[in-house]
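Worksheet for the structure shown next.
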Amino acid sequence: MLKLENIVAGYGHITALKDISLEVPQGSIVSLIGANGAGKSTTMKTIMGLVKPTSGKVLFEGQDITGHKTHQIVHGGISLVPEGRQILQDMSVYENLEMGAYIRNDNEIEEDIKKVFKRFPILDERSYQLGGTLSGGQQQMLAIGRALMARPKLLLLDEPSMGLAPLVVNEISAEGTTVLLVEQNVRQALKIADYAYVLETGKMVLSGPADEVRHDPRVMEAYLGGRVE
Ligand code: ATP
(Lines give C-alpha, C1' and ligand atoms only; values in the text may rest on other atoms or scores of the structure.)
Protein backbone atom coordinates (compact mmCIF):
# COMPACT_ATOMS: atom_id res chain seq x y z
CA MET A 1 0.00 0.00 0.00
CA LEU A 2 2.81 2.37 0.93
CA LYS A 3 6.36 2.26 -0.32
CA LEU A 4 9.27 4.53 0.46
CA GLU A 5 12.08 4.17 -2.05
CA ASN A 6 15.54 5.45 -1.21
CA ILE A 7 14.34 8.54 0.64
CA VAL A 8 16.89 11.18 1.52
CA ALA A 9 15.42 14.03 3.56
CA GLY A 10 16.32 16.51 6.24
CA TYR A 11 16.31 20.04 7.52
CA GLY A 12 18.80 22.50 6.04
CA HIS A 13 22.24 21.01 6.58
CA ILE A 14 20.94 18.11 8.64
CA THR A 15 20.26 14.93 6.69
CA ALA A 16 17.79 13.09 8.90
CA LEU A 17 16.98 10.23 6.49
CA LYS A 18 19.84 8.71 4.53
CA ASP A 19 18.46 6.42 1.85
CA ILE A 20 15.44 4.95 3.59
CA SER A 21 13.26 2.27 1.99
CA LEU A 22 10.20 0.81 3.63
CA GLU A 23 7.01 -1.03 2.71
CA VAL A 24 3.65 -1.14 4.42
CA PRO A 25 1.43 -3.88 2.97
CA GLN A 26 -2.32 -3.32 2.92
CA GLY A 27 -4.02 -4.56 6.09
CA SER A 28 -0.79 -4.83 8.06
CA ILE A 29 0.56 -3.17 11.18
CA VAL A 30 4.14 -2.04 10.61
CA SER A 31 6.26 -0.79 13.47
CA LEU A 32 9.08 1.71 13.04
CA ILE A 33 11.65 1.53 15.82
CA GLY A 34 14.62 3.71 16.67
CA ALA A 35 16.28 5.75 19.40
CA ASN A 36 15.62 9.47 19.93
CA GLY A 37 16.60 11.44 16.86
CA ALA A 38 16.81 8.35 14.64
CA GLY A 39 14.42 9.89 12.11
CA LYS A 40 11.08 8.26 12.91
CA SER A 41 9.04 11.47 12.96
CA THR A 42 10.85 12.72 9.88
CA THR A 43 9.79 9.52 8.09
CA MET A 44 6.16 10.18 9.07
CA LYS A 45 6.41 13.83 8.00
CA THR A 46 7.92 12.84 4.67
CA ILE A 47 5.02 10.49 3.97
CA MET A 48 2.58 13.33 4.78
CA GLY A 49 4.37 15.82 2.53
CA LEU A 50 5.39 17.95 5.52
CA VAL A 51 9.06 17.32 4.79
CA LYS A 52 10.15 17.28 1.15
CA PRO A 53 12.71 14.62 0.32
CA THR A 54 15.77 15.69 -1.65
CA SER A 55 15.70 12.35 -3.42
CA GLY A 56 13.69 9.14 -3.42
CA LYS A 57 10.02 8.38 -3.86
CA VAL A 58 6.89 7.96 -1.77
CA LEU A 59 4.41 5.63 -3.45
CA PHE A 60 0.88 5.15 -2.15
CA GLU A 61 -1.34 2.54 -3.78
CA GLY A 62 1.08 2.50 -6.69
CA GLN A 63 0.93 6.27 -7.24
CA ASP A 64 3.89 8.54 -6.82
CA ILE A 65 2.84 11.07 -4.16
CA THR A 66 6.31 12.55 -3.59
CA GLY A 67 6.03 16.31 -3.32
CA HIS A 68 2.24 16.31 -3.13
CA LYS A 69 0.62 18.78 -0.74
CA THR A 70 -0.40 17.46 2.64
CA HIS A 71 -4.12 18.05 2.10
CA GLN A 72 -3.95 16.08 -1.15
CA ILE A 73 -2.27 13.24 0.70
CA VAL A 74 -4.99 13.31 3.38
CA HIS A 75 -7.58 13.23 0.59
CA GLY A 76 -5.78 10.26 -0.88
CA GLY A 77 -6.34 8.32 2.35
CA ILE A 78 -3.44 8.87 4.76
CA SER A 79 -3.87 10.44 8.22
CA LEU A 80 -1.23 11.28 10.80
CA VAL A 81 -1.53 11.37 14.57
CA PRO A 82 1.50 13.59 15.17
CA GLU A 83 3.90 13.30 18.05
CA GLY A 84 2.80 15.65 20.81
CA ARG A 85 -0.80 15.22 19.68
CA GLN A 86 -1.43 18.78 18.47
CA ILE A 87 -5.16 18.86 18.94
CA LEU A 88 -6.95 22.19 18.75
CA GLN A 89 -6.69 23.55 22.28
CA ASP A 90 -9.46 26.14 22.10
CA MET A 91 -12.02 23.94 20.42
CA SER A 92 -14.25 21.43 22.10
CA VAL A 93 -13.81 17.69 21.79
CA TYR A 94 -16.75 17.59 19.39
CA GLU A 95 -15.36 20.40 17.24
CA ASN A 96 -11.95 18.74 17.12
CA LEU A 97 -13.60 15.61 15.76
CA GLU A 98 -15.57 17.62 13.21
CA MET A 99 -12.32 19.22 12.08
CA GLY A 100 -10.91 15.76 11.48
CA ALA A 101 -13.61 15.26 8.87
CA TYR A 102 -12.93 18.53 7.07
CA ILE A 103 -12.02 16.77 3.83
CA ARG A 104 -15.33 14.88 3.73
CA ASN A 105 -18.64 15.98 2.37
CA ASP A 106 -20.75 12.91 3.02
CA ASN A 107 -23.55 12.69 5.55
CA GLU A 108 -22.05 10.09 7.85
CA ILE A 109 -19.85 12.43 9.86
CA GLU A 110 -22.09 12.46 12.90
CA GLU A 111 -22.28 8.69 12.78
CA ASP A 112 -18.50 8.47 12.77
CA ILE A 113 -18.27 10.84 15.73
CA LYS A 114 -20.55 8.43 17.58
CA LYS A 115 -18.18 5.60 16.68
CA VAL A 116 -15.27 7.54 18.16
CA PHE A 117 -17.34 8.14 21.30
CA LYS A 118 -18.07 4.43 21.50
CA ARG A 119 -14.38 3.62 21.25
CA PHE A 120 -13.44 6.33 23.78
CA PRO A 121 -16.46 6.85 26.08
CA ILE A 122 -14.61 9.48 28.12
CA LEU A 123 -14.64 11.74 25.05
CA ASP A 124 -18.40 11.41 24.88
CA GLU A 125 -18.67 12.52 28.50
CA ARG A 126 -16.35 15.44 27.75
CA SER A 127 -17.65 16.37 24.31
CA TYR A 128 -18.09 20.06 25.24
CA GLN A 129 -14.80 20.36 27.11
CA LEU A 130 -12.02 22.35 25.42
CA GLY A 131 -9.30 20.18 23.94
CA GLY A 132 -6.55 21.99 25.82
CA THR A 133 -8.07 21.15 29.20
CA LEU A 134 -8.18 17.40 28.63
CA SER A 135 -5.68 15.15 30.37
CA GLY A 136 -2.72 13.87 28.37
CA GLY A 137 -4.30 10.47 27.82
CA GLN A 138 -7.64 12.01 26.83
CA GLN A 139 -5.89 14.30 24.34
CA GLN A 140 -4.23 11.22 22.95
CA MET A 141 -7.58 9.56 22.41
CA LEU A 142 -8.91 12.73 20.80
CA ALA A 143 -5.92 12.92 18.44
CA ILE A 144 -6.52 9.34 17.32
CA GLY A 145 -10.26 9.93 17.04
CA ARG A 146 -9.69 13.04 14.97
CA ALA A 147 -7.35 11.22 12.59
CA LEU A 148 -9.93 8.45 12.16
CA MET A 149 -12.58 11.01 11.25
CA ALA A 150 -10.85 11.40 7.88
CA ARG A 151 -11.59 7.69 7.27
CA PRO A 152 -7.98 6.94 6.38
CA LYS A 153 -6.90 3.83 4.53
CA LEU A 154 -3.51 4.24 6.18
CA LEU A 155 -3.08 5.64 9.68
CA LEU A 156 0.31 6.93 10.80
CA LEU A 157 0.68 6.91 14.58
CA ASP A 158 3.69 8.82 15.92
CA GLU A 159 4.31 7.78 19.52
CA PRO A 160 0.76 7.33 20.78
CA SER A 161 2.20 5.57 23.86
CA MET A 162 0.49 5.82 27.28
CA GLY A 163 -0.52 2.17 27.41
CA LEU A 164 -3.50 3.04 25.29
CA ALA A 165 -2.04 2.13 21.97
CA PRO A 166 -1.88 -1.67 21.63
CA LEU A 167 -5.55 -2.36 22.15
CA VAL A 168 -6.70 0.59 20.09
CA VAL A 169 -4.25 -0.16 17.29
CA ASN A 170 -5.45 -3.76 17.12
CA GLU A 171 -9.06 -2.60 16.93
CA ILE A 172 -8.34 -0.03 14.25
CA SER A 173 -6.42 -2.63 12.28
CA ALA A 174 -9.23 -5.19 12.63
CA GLU A 175 -11.59 -2.66 11.09
CA GLY A 176 -9.47 -2.64 7.95
CA THR A 177 -7.20 0.36 8.42
CA THR A 178 -3.53 -0.21 7.67
CA VAL A 179 -1.22 1.14 10.39
CA LEU A 180 2.33 2.48 10.49
CA LEU A 181 3.27 2.80 14.13
CA VAL A 182 6.03 4.56 15.99
CA GLU A 183 5.74 3.53 19.62
CA GLN A 184 8.09 4.16 22.51
CA ASN A 185 7.17 0.85 24.05
CA VAL A 186 9.11 -1.32 21.61
CA ARG A 187 8.14 -4.55 23.36
CA GLN A 188 4.43 -3.87 22.90
CA ALA A 189 4.89 -2.49 19.41
CA LEU A 190 6.67 -5.65 18.25
CA LYS A 191 3.97 -7.83 19.77
CA ILE A 192 1.17 -6.28 17.76
CA ALA A 193 3.08 -5.54 14.54
CA ASP A 194 3.34 -7.79 11.50
CA TYR A 195 6.55 -6.22 10.26
CA ALA A 196 9.15 -3.98 11.83
CA TYR A 197 11.87 -1.61 10.67
CA VAL A 198 14.73 -0.38 12.80
CA LEU A 199 16.17 3.08 12.14
CA GLU A 200 19.52 4.23 13.47
CA THR A 201 20.65 7.80 12.86
CA GLY A 202 18.77 8.04 9.62
CA LYS A 203 19.62 4.61 8.26
CA MET A 204 17.49 1.50 8.13
CA VAL A 205 19.61 -1.12 9.84
CA LEU A 206 17.18 -4.01 10.15
CA SER A 207 13.76 -5.06 8.90
CA GLY A 208 11.60 -8.13 8.71
CA PRO A 209 8.63 -9.89 10.28
CA ALA A 210 8.12 -8.39 13.76
CA ASP A 211 8.61 -11.75 15.42
CA GLU A 212 12.03 -12.14 13.84
CA VAL A 213 13.03 -8.56 14.62
CA ARG A 214 12.18 -8.95 18.28
CA HIS A 215 14.42 -12.00 18.54
CA ASP A 216 17.33 -10.23 16.87
CA PRO A 217 20.17 -9.92 19.38
CA ARG A 218 20.81 -6.26 18.47
CA VAL A 219 17.15 -5.36 19.04
CA MET A 220 16.99 -7.36 22.26
CA GLU A 221 20.09 -5.61 23.52
CA ALA A 222 19.20 -2.06 22.47
CA TYR A 223 15.42 -1.94 22.96
CA LEU A 224 14.24 -4.88 25.02
CA GLY A 225 16.67 -4.87 27.94
CA GLY A 226 18.24 -8.10 26.73
CA ARG A 227 15.14 -10.29 26.84
CA VAL A 228 12.16 -10.92 24.59
CA GLU A 229 9.41 -11.43 27.18
P1 ATP B 1 12.24 11.06 18.84
O2 ATP B 1 12.08 9.61 19.21
O3 ATP B 1 13.17 11.76 19.79
O4 ATP B 1 10.98 11.76 18.57
P5 ATP B 1 12.77 10.72 15.96
O6 ATP B 1 13.32 9.38 15.63
O7 ATP B 1 11.34 10.95 15.69
O8 ATP B 1 13.12 11.08 17.46
P9 ATP B 1 13.24 12.99 14.25
O10 ATP B 1 12.34 13.93 14.97
O11 ATP B 1 12.81 12.46 12.94
O12 ATP B 1 13.66 11.79 15.19
O13 ATP B 1 14.65 13.73 14.06
C14 ATP B 1 15.69 13.22 13.22
C15 ATP B 1 16.83 14.24 13.20
O16 ATP B 1 16.39 15.44 12.55
C17 ATP B 1 17.31 14.67 14.58
O18 ATP B 1 18.71 14.82 14.53
C19 ATP B 1 16.63 16.01 14.81
O20 ATP B 1 17.39 16.83 15.65
C21 ATP B 1 16.53 16.56 13.42
N22 ATP B 1 15.37 17.46 13.26
C23 ATP B 1 14.07 17.11 13.42
N24 ATP B 1 13.25 18.16 13.17
C25 ATP B 1 14.05 19.17 12.83
C26 ATP B 1 13.83 20.54 12.45
N27 ATP B 1 12.60 21.04 12.35
N28 ATP B 1 14.91 21.31 12.19
C29 ATP B 1 16.17 20.81 12.27
N30 ATP B 1 16.45 19.55 12.60
C31 ATP B 1 15.41 18.72 12.88
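Here are some notes:
- Filtering the stretch 173-207 to residues that are touching a Phe, Trp or Tyr at 6+ places or on another chain (Cβ under 7 Å) and under 16 Å from Ile29 (Cβ atoms) leaves Val186, Ser207.
- Among the conditions (1) under 18 Å from the mean Cα position of the chain (by Cα); (2) modelled with pLDDT of 95 or more; (3) under 18 Å from Lys203 (Cβ atoms), Met1 misses just one, which is (3).
- Pair list, Cβ under 8 Å, 6 or more apart: the stretch 181-205 residue within 9 Å of Leu32 (Cα to Cα), other residue within 12 Å of the ligand (Cβ to nearest atom) and of a type in the set (Gly, Ala, Ser): Val182/Ser41; Glu183/Ser161; Val198/Gly34; Leu199/Gly34; Leu199/Ala38; Leu199/Gly39
- Number of the exception - Gly49 against (1) under 22 Å from Tyr223 (Cα atoms); (2) in contact with a His (Cβ under 7 Å, 6 or more places away or on another chain): (1)
- Every condition in (1) of a type outside the set (Val, Ile, Thr); (2) more than 16 Å from the ligand (Cβ to nearest atom); (3) not in a strand (DSSP E or B) holds for Ala222 except the one numbered (2).
- Residues that are away from the ligand (no atom under 16 Å from the Cβ), among the aliphatic types (A, V, I, L, M) and either part of a helix (DSSP H, G or I) or at positive phi (or both), drawn from the stretch 116-160: Val116, Ile122, Leu123, Met141, Leu142, Ile144, Ala147, Leu148
- From the list Gly100, Gly62, the lone residue that is away from the ligand (no atom under 16 Å from the Cβ) and exposed (fewer than 14 other Cβ atoms within 10 Å of the Cβ) is Gly62.
- Thr42 vs. criteria surrounded by 14 or more Cβ atoms within 10 Å (Cβ to Cβ) and among the polar types (S, T, N, Q): yes
- Selection from the stretch 201-229 of residues that are surrounded by fewer than 16 Cβ atoms within 10 Å (Cβ to Cβ), acidic (Asp, Glu) and either closer than 24 Å to Thr15 by Cα or modelled with pLDDT of 90 or more (or both): Asp211, Glu212
- Scanning the stretch 187-200 for residues that are surrounded by 21 or more Cβ atoms within 10 Å (Cβ to Cβ) and of a type in the set (Val, Ile, Thr) gives a single hit, Val198.
- Residue in the stretch 171-206 that is nearest to the ligand (Cβ to nearest atom), counting only those that are assigned to a strand (DSSP E or B) and under 14 Å from Leu155 (Cβ atoms): Val182
The values are calculated or read from the model by the stated rules, or taken from the named source; none is laboratory data. This one's a predicted model, so the numbers in the text were calculated from it and none came from an experiment. Glycine gets a Cβ as well: all are built from the backbone with ideal geometry, and neighbour counts include every protein chain shown.
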